[in-house]
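Read the structure below first, then the notes.
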Amino acid sequence: MNPLERYFATSDDTPSRLAERIDRAPSTITRLVKGQRRPSFDLAEDIERGTGRKVLAAKLMAAFAGIS
């Protein structure tokens with residue numbers, strides 16, 4: 001389970017609400033949760049900010065290191 005998937009499993013937040021807070025498409029967040037997309041560093045930082053640092057950018061990037 002990647003850090004973003006874990007975050008949604010343990011919070012009341014949703015990919016759509018996070019996407020709205022960080023001004024991204026909901027499909028972008030959903031693809032990350034499913035492991036279908038690797039985050040850019042900017043996106044990882046936005047997610048860190050949008051989750052109140054509950055998902056750290058460095059850990060999110062590390063979790064997706066093997067995905068192109």
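Bear in mind these aren't lab numbers, they're just calculated from the coordinates by the rules spelled out. Note that the structure is a prediction, hence the values are computed from the model and not measured. Cβ atoms come from the backbone with ideal geometry, glycine included; neighbour counts cover every protein chain shown.
Only Cα pairs under 8 Å and at least 6 apart count here; give the relative contact order of segment 3-63 as a rounded whole percent.
Result for segment 3-63 is 34 percent.
In bins 10 Å wide, starting from 0, what share of all Cα pairs of the chain does each bin hold, as a percent?
Here the calculated profile for the chain is 23, 65, 11.
How large is the dipole of segment 3-63 about the Cα centre if only Lys and Arg carry +1 and Asp and Glu carry -1, each at its Cβ, rounded to the nearest 20 debye?
200 debye
Set Lys and Arg Cβ to +1 and Asp and Glu Cβ to -1, take the dipole of the chain about its Cα centre, and tell me which of Val33, Thr14, Gly50 lies farthest positive.
Towards the positive end, the residue furthest out is Val33.
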